[in-house]
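Below is one structure, written out as structure tokens; the observations come after it.
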Amino acid sequence: MSAYCVPVLMYHHVSPTAGIITTTPANFESQIAGLARHGYHALSAAEFAGFLAGQPVPDKSVMITFDDGYLDNWVYAHPVLKKYGMQASLFLITGILGEGPVRPVHGESLELPPIAGHMQAKSMLAAGTTDPVMLRWSEVLAMREAGTFEFHSHTHTHTRWDLLAATREAALEHMRQELSDSRATLQERLGSVSEHFCWPQGYFDSEYIALAQAAGFKYLHTTIAHNQNLAGNDPACIYRFAVRNRRFSWLWQRTWLAAHPVIGPIYNRWKSWKRAKRAKA
Ligand SMILES: [Zn+2]
């Protein structure tokens, strides 16, 4: 039986340094081990695209995604994915990855690089200090080689041009440049560019969608959580939910709710209603 709905999971950091949008290595291992133990298949981006187009995928399927491309994804998430034979898709900010050799990963008997918490990472990036925070291209290639991660575009600089540019025309021109630079970088570093793309901070509008599609991106990943990814859905709007820093039991329940043909839509309507009510208050 093919899956009715494929939940897409969204992660940012996997790190022992506490912070927002951060999952501890212990909880991440609990989640990935739990998915593996319960027979979940982690789809590649191409398999997920096939599912949207109507091709069958295993009944219990998820897509695991990471945003931005932090060093901790290599140090802490990669060894866990490798251990359990699971794969994830990582949306890279292609303009701020570093050069140099791969750094030690968790599980090796080497001293691990220090990992900044999310807010510290943000201020380091704002000050132009990227290497201690972000992946290096050598690590990207090593993860691709190991089959733990595949890589897609998350723009070149992760800038919210809709907020920063002086005019609407300037914002669109900047965005066009971001898409083009990101494609060129992935092509040069990895030898190919996929059709999957993820919006910085989840922001998009109809003109942005048109730009991304014109640049060759067909599968557009959002941060809209409360809707279902079903066969036949518009690939320009892929729903993802943020995975909480909790044990597998939480993720199991959340995934089951997200995918259920009857309860899923009721749960999503209830969550959307609650969110709208909160926004009004
Ligand atoms: Zn991002």
SER192 - would you say it is under 17 Å from HIS154 (Cβ atoms) and out of contact with any Phe, Trp or Tyr (no Cβ under 9 Å at 6 or more places or on another chain)?
yes
So if I check each of ALA166, ALA171, which one is assigned to a loop (DSSP other than H, G, I, E, B), over 26 Å from TYR11 (Cβ atoms) and of a type outside the set (Val, Ile, Thr)?
ALA166
Does GLY216 satisfy being among the small types (Gly, Ala, Ser), closer than 27 Å to GLN55 by Cα and at pLDDT 95 or above?
yes
Collect the residues in region 205-240 that are part of a strand (DSSP E or B) and surrounded by fewer than 20 Cβ atoms within 10 Å (Cβ to Cβ), keeping them in residue-number order.
LEU230
Restricting region 194-204 to residues that are under 12 Å from TRP161 (Cα atoms) and assigned to a loop (DSSP other than H, G, I, E, B), the one farthest from the chain's Cα centre (by Cα) turns out to be PHE204
Just one of (1) closer than 21 Å to PRO235 by Cβ; (2) in contact with an Asp or Glu (Cβ under 7 Å, 6 or more places away or on another chain) trips up ALA171, so point out which.
(1)
Anything in region 116-136 that is outside any helix (DSSP H, G or I) and surrounded by 11 or more Cβ atoms within 10 Å (Cβ to Cβ)? List them, or say none.
ALA116, GLY117, THR129, THR130, ASP131, PRO132, VAL133, MET134, LEU135, ARG136
Checking GLY19 against (1) surrounded by 22 or more Cβ atoms within 10 Å (Cβ to Cβ); (2) more than 22 Å from THR157 (Cα to Cα); (3) within 16 Å of the ligand (Cβ to nearest atom), the condition it does not meet
(1)
For ALA127: the one exception among (1) within 16 Å of the ligand (Cβ to nearest atom); (2) over 19 Å from CYS198 (Cβ atoms); (3) of a type in the set (A, V, I, L, M, F, W, C)
(1)
Output the qualifying pairs, or none if there are none: Cβ atoms under 9 angstrom, residues six or more apart or on different chains, first residue in region 96-115 and over 17 Å from SER15 (Cα atoms), second residue among the small types (Gly, Ala, Ser) and in a loop (DSSP other than H, G, I, E, B).
ILE96/GLY69; LEU97/GLY69
Those residues of region 171-201 which are charged (D, E, K, R), more than 16 Å from the ligand (Cβ to nearest atom) and closer than 25 Å to ALA225 by Cβ, in sequence order:
GLU195
Which listed residue, of ALA26, ALA42, ALA36, ALA3, is surrounded by fewer than 19 Cβ atoms within 10 Å (Cβ to Cβ) and touching a residue at least 40 places away in the same chain (Cβ under 8 Å):
ALA36
When you scan region 81-103, do you find a residue that is more than 24 Å from GLU47 (Cβ to Cβ), within 17 Å of the chain's Cα centre (by Cα) and among the β-branched types (Val, Ile, Thr), even just one?
yes
Condition test on GLY54, is it under 16 Å from ASN229 (Cβ atoms) and either away from the ligand (no atom under 16 Å from the Cβ) or over 18 Å from the mean Cα position of the chain (by Cα) (or both)?
yes
Which ones in region 65-115 are buried (at least 19 other Cβ atoms within 10 Å of the Cβ), aliphatic (A, V, I, L, M) and within 16 Å of the ligand (Cβ to nearest atom)?
LEU71, ALA77, ALA88, LEU90, LEU92, ILE93, LEU97
Among (1) more than 16 Å from the ligand (Cβ to nearest atom); (2) in contact with a His (Cβ under 7 Å, 6 or more places away or on another chain); (3) within 30 Å of VAL262 (Cα to Cα), there is one condition PRO25 misses while meeting the rest; what is its number?
(3)
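The values are calculated or read from the model by the stated rules, or taken from the named source; none is laboratory data. Only a predicted model underlies this, so the values are computations on that prediction, with no experimental measurement involved. Don't worry about glycine lacking a Cβ; one is built from the backbone with ideal geometry, like all the others, and counts go over all protein chains shown.
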